[in-house]
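Below is one structure, written out as C-alpha cells; the observations come after it.
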Amino acid sequence: MDSTKRFLFWLLDGTRGGPTRVRILSILDKRPLNLHQLALAAKLDYSTIEHHIRLLQKHSIVESIGSGYGCLYALSDLPPVHDYVIERIRGEDYEKPKKEKRAK
C-alpha cells in the first residue's frame, strides 16, 4: 500500500472522526455544498462540519469553490485521492450492515 493510500486509510478508517468524514464525503460525492447545507444534510453541528472540512481540505481531499459564506466544497480531483475516496464511500464497507434474524 503506498503512502497516500495508507494516510487516507488512517484518516478515514483509523481515527475516531473517520466515519463522520466518510459521511461528509459521501454527501459531497453527490454535489458541492457550502458548510451550512452540508451541516443540514449530515445532521451535524456547523462547527463539527467546519472542523472536518478544514482537515479534509488541508490534506487535499476536499477543495473549495468560491470564498466567504457561500464557498462550496467538493471532492478533490487529484487522481490517487479521488479514486481512493470514491472507492471507500461507494464500497460495501460503508453500507449499513443488515441485521441478522435471530433463530427462534
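Every number in this text was worked out from the coordinates using simple rules, so none of it is lab data. What you see is a predicted model; the values in this text were computed from it and never measured. Note that each Cβ is placed from the backbone with ideal geometry, even for glycine, and that neighbours are counted across all protein chains shown.
Quick look at the numbers
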item: Per-region count, the stretch 51-92, residues of a type in the set (Ser, Thr, Tyr) and closer than 19 Å to ALA41 by Cα; result: 3
item: Cβ pairs under 8 Å, 6+ apart, first in the stretch 2-22 and surrounded by 12 or more Cβ atoms within 10 Å (Cβ to Cβ), second of a type outside the set (Ser, Thr, Tyr) and part of a loop (DSSP other than H, G, I, E, B); result: PHE7/HIS59; LEU8/ILE61; PHE9/MET1; LEU11/HIS59; LEU11/ILE61; THR20/LEU44
